[in-house]
Amino acid sequence: MMNGGAKVLAEAFDPAAVAPEPLPAVVAELNGNGIGGGKAAAAAGDGGKREIVLGRNVHTTCLAIEEPDANDEFTGDKDAYMAGVLARYRKTLVERTKQHLGYPYNLDFDYGALAQLQHFSINNLGDPFIESNYGVHSRQFEVGVLDWFARLWEIEKSDYWGYITNCGTEGNLHGILVGREVFPDGILYASRESHYSVFKAARMYRMECVKVATLVSGEIDCADFKDKLLANKDKPAIINANIGTTVKGAVDDLDLIIKTLEESGFTHDRFYIHCDGALFGLMMPFVKRAPKVSFKKPIGSVSVSGHKFVGCPMPCGVQITRMDHINALSRNVEYLASRDATIMGSRNGHAPIFLWYTLNRKGYKGFQKEVQKCLRNAHYLKGRLREAGISAMLNELSSTVVFERPSEEEFVRRWQLACEGNIAHVVVMPSVSIEKLDGFVNELIEKRSTWYRDGTVQPPCLAVDIGAENCCCALHK
């Protein structure tokens, strides 16, 4: 019979002891909203189905926390066990990274030079521009990153305020909060294809929110936007403009949004525009003929994610707004000997260093090359899908390729595809090579030949989702 330490040691070298359980097929019924919230039912391997039930914890796998045995300090059994778990987890990460296509994360990075800083608890409490009593911070790196983005979005150092957030959602929460503070009685307008965090913000802040229709491309329908503005002319407008929608990668026409506001009788002192540029906010400046996201236009704030196109190993983001607006939100905090206008209190002080490191290494020219590579590879993927008779769409300013949702959930999970209704997408990032895209398409073609072999089931019509010109169903091909 094994004692506790021996059992732990044995498990450390037994792959089955901590191997993750196979994930059952997931059928998400979330009213058809959000990634993974599609209405298409998918059978599990055993023929059963499983629904995600909100408010219920679903444990697919769990590595329990166990108290160390009394003699662990001498035997080293626990350390050996944990080393084994971590080694196997790393192997899993390596394998899953090979089939990562559906989510907008750049996995091509090397931050080995920053390992020397992992021994420090770096916390950027409070305002990035005001020193606090906490001395272990990275504000000098943070302000350097913010200045870089201020130049990118054309706003003077003296005219902007910003900070490095914990994620893209926090950027949206902050941008919309600033808009609400500037216009306490304002109405939030957002296209129905906006990121779910925008509608989360409306609920959190108890804001009146009007959803605006979208075009087939996914961008905001400014005709519908105008109708809704005219119905609420007595209240200021707070607008979320998408610089790349979550599912289709559609870019809202910022100039047309501003023109629509002006034509509807809204002067510049009666509207606030937040630009959600989570992914494409950093790509757009490097796309030829792309419309500019610039503070020279009457916008209030811009946010991007740092862990997406930049390629940061931890979730983070950048939020920049006008100095004129931030005073409505900022408060003195005696405990910190600083001011604070951020959403969070403590903020990850390592993230600014990672961003600073990458921006210095790549620079504008490096990012331009990566953007061109992504767009080129996205067109290649769309071409291969259409050649194979698979419905597919690619917006002009996007690297997000939308196509028919694979009918087998095992395939969806294997390639980590993001799905909504009858469509799925691949986000072509700098870490996605032509070889990876070829492997994906070849496997998809092979699988489709079995899914639709007997003719009883046909590929879905996607004319409503991506337009008849992009649909390859029996009716439109």
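The values are calculated or read from the model by the stated rules, or taken from the named source; none is laboratory data. Just so it is clear, the structure is predicted and the values come from calculations on it, not from any experiment. All Cβ positions, glycine included, derive from the backbone under ideal geometry; neighbour counts span all protein chains shown. The accessibility values were calculated without ligands, DNA or RNA, using every heavy atom of the protein model including side chains. Shrake-Rupley method; radii C 1.70, N 1.55, O 1.52, S 1.80 Å.
Key figures for this structure:
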{"quantity": "Subset of region 179-198 [assigned to a strand (DSSP E or B) and in contact with a Ser or Thr (Cβ under 6 Å, 6 or more places away or on another chain)]", "calculated": "SER191"}
{"quantity": "Region 413-451: number of residues that are part of a loop (DSSP other than H, G, I, E, B) and either open to solvent by less than 40 Å² (accessible area, probe 1.4 Å) or under 18 Å from ARG96 (Cα atoms) (or both)", "calculated": "10"}
{"quantity": "Selection status of SER191, modelled with pLDDT of 95 or more and either crowded, with 24+ Cβ neighbours inside 10 Å or aromatic (Phe, Trp, Tyr) (or both)", "calculated": "yes"}
{"quantity": "Residues within region 249-291 that are at pLDDT 95 or above, farther than 11 Å from LEU397 by Cβ and not in a strand (DSSP E or B), tallied", "calculated": "17"}
{"quantity": "Which numbered condition GLU408 misses (of (1) in contact with a Phe, Trp or Tyr (Cβ under 7 Å, 6 or more places away or on another chain); (2) within 21 Å of GLY249 (Cβ to Cβ); (3) not polar (S, T, N, Q))", "calculated": "(2)"}
{"quantity": "Test: GLY102 is farther than 30 Å from ILE434 by Cβ, open to solvent by less than 60 Å² (accessible area, probe 1.4 Å) and in contact with a Phe, Trp or Tyr (Cβ under 7 Å, 6 or more places away or on another chain)", "calculated": "no"}
{"quantity": "Verdict on GLU370 being touching a residue at least 24 places away in the same chain (Cβ under 8 Å), acidic (Asp, Glu) and more than 25 Å from ASN172 (Cα to Cα)", "calculated": "yes"}
{"quantity": "Counted residues, region 205-220 - those being open to solvent by 40 Å² or more (accessible area, probe 1.4 Å) and either aromatic (Phe, Trp, Tyr) or in a loop (DSSP other than H, G, I, E, B) (or both)", "calculated": "5"}
{"quantity": "Any hit, region 426-439, residues being touching a strand residue (DSSP E or B) at 6+ places or on another chain (Cβ under 6 Å), closer than 27 Å to ARG289 by Cα and touching a residue at least 60 places away in the same chain (Cβ under 8 Å)", "calculated": "yes"}
{"quantity": "Pick from region 392-412, criterion among the charged types (D, E, K, R) and either surrounded by fewer than 17 Cβ atoms within 10 Å (Cβ to Cβ) or modelled with pLDDT under 95 (or both), ranking: farthest from VAL216 (Cα to Cα)", "calculated": "GLU410"}
{"quantity": "Residue list for region 118-157, restricted to those being closer than 17 Å to PRO298 by Cα and touching a residue at least 12 places away in the same chain (Cβ under 8 Å)", "calculated": "ALA150, LEU152, TRP153, GLU154, ILE155"}
{"quantity": "Residues (assigned to a helix (DSSP H, G or I) and open to solvent by 10 Å² or more (accessible area, probe 1.4 Å)) located in region 145-167", "calculated": "ASP147, TRP148, ARG151, LEU152, LYS157, SER158, ASP159"}
{"quantity": "Residue check for GLN368: assigned to a strand (DSSP E or B) and crowded, with 16+ Cβ neighbours inside 10 Å", "calculated": "no"}
{"quantity": "Scope region 227-243; condition crowded, with 24+ Cβ neighbours inside 10 Å and in a helix (DSSP H, G or I); matching residues", "calculated": "LEU229"}
